[in-house]
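Report on the structure given below.
The values are calculated or read from the model by the stated rules, or taken from the named source; none is laboratory data. What you are looking at is a predicted structure, and each value in this text was computed from that prediction instead of being measured. Reconstructed Cβ throughout: ideal geometry from the backbone, glycine too, with neighbour counts over all protein chains shown.
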Amino acid sequence: MGKTIVVGKLYMVGCGHCEMLEQPWNEMKKKVEKKVMVAGDIEAAETNKLAQLNDKHGSNVEAQGGYPTIYKIKKGGKVEYYNGERTAKELIRWATNKNQKNTLKRGGNKKQGSRRNITSKK
């Protein structure tokens, strides 16, 4: 059976928060690589890589107010963003769907539209 979850991060060179995440992120990648597909880290200026990722998975991954932005693409291109402790343990639990309390459910896939296309109810 193929891997149906893709996790990755968007980062910015010189970002202190991004640098502090490096160790727990690498530990998480080693632990989950057999269960989920870990996409390559994408630097903020690499817009072509981000576009390719979104095209490949039918998703709409985008930075969420700052860096690093940690994302998960689920079956059908549904995007979820991580909003929890930046520890390897919590990242592993989130990436493998063992803890969803740290999930921001924003965005979506291209077919369903991103949060920018959502209209408010009157």
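For the stretch 18-53, filtering for residues that are charged (D, E, K, R), out of contact with any helix residue (DSSP H, G or I) (no Cβ under 7 Å at 6 or more places or on another chain), touching a residue at least 24 places away in the same chain (Cβ under 8 Å) and not in a loop (DSSP other than H, G, I, E, B) leaves 1.
Suppose we keep only residues that are under 16 Å from the mean Cα position of the chain (by Cα) and without any contact (Cβ under 8 Å) to a residue 60 or more places away in the chain within the stretch 1-16. Which one would you say is farthest from residue 86 (Cα to Cα)? For the stretch 1-16, the residue satisfying everything is 3. Residue 95: crowded, with 16+ Cβ neighbours inside 10 Å, out of contact with any strand residue (DSSP E or B) (no Cβ under 9 Å at 6 or more places or on another chain), touching a residue at least 12 places away in the same chain (Cβ under 8 Å) and within 17 Å of residue 30 (Cα to Cα), yes or no? Criteria not met by residue 95. Of note, residue 38 satisfies the criterion of being β-branched (Val, Ile, Thr), crowded, with 17+ Cβ neighbours inside 10 Å and modelled with pLDDT under 90. The number of residues in the stretch 62-85 that are of a type in the set (A, V, I, L, M, F, W, C) and touching a Gly at 6+ places or on another chain (Cβ under 7 Å) comes to 1. Against the numbered list (1) of a type outside the set (S, T, N, Q); (2) at pLDDT 90 or above; (3) surrounded by 16 or more Cβ atoms within 10 Å (Cβ to Cβ), residue 15 comes up short only at (3). Residues in the stretch 79-92 that are without any contact (Cβ under 8 Å) to a residue 60 or more places away in the chain and crowded, with 19+ Cβ neighbours inside 10 Å: 4 in all. Counting only residues that are more than 14 Å from residue 4 (Cα to Cα) and touching a residue at least 24 places away in the same chain (Cβ under 8 Å), the stretch 54-70 holds 11 of them.
Are any of the residues in the stretch 102-116 within 14 Å of the chain's Cα centre (by Cα), at pLDDT 55 or above, at positive phi and not polar (S, T, N, Q)? Taking every residue of the stretch 102-116 in turn, none turns out to be within 14 Å of the chain's Cα centre (by Cα), at pLDDT 55 or above, at positive phi and not polar (S, T, N, Q).
When the criteria are applied in full, residue 46 fails the requirement of being among the acidic types (Asp, Glu), surrounded by fewer than 16 Cβ atoms within 10 Å (Cβ to Cβ) and either within 14 Å of the chain's Cα centre (by Cα) or closer than 14 Å to residue 91 by Cα (or both).
Selection of the stretch 58-82 for residues being charged (D, E, K, R) and more than 19 Å from residue 21 (Cβ to Cβ) yields 74, 75, 78.
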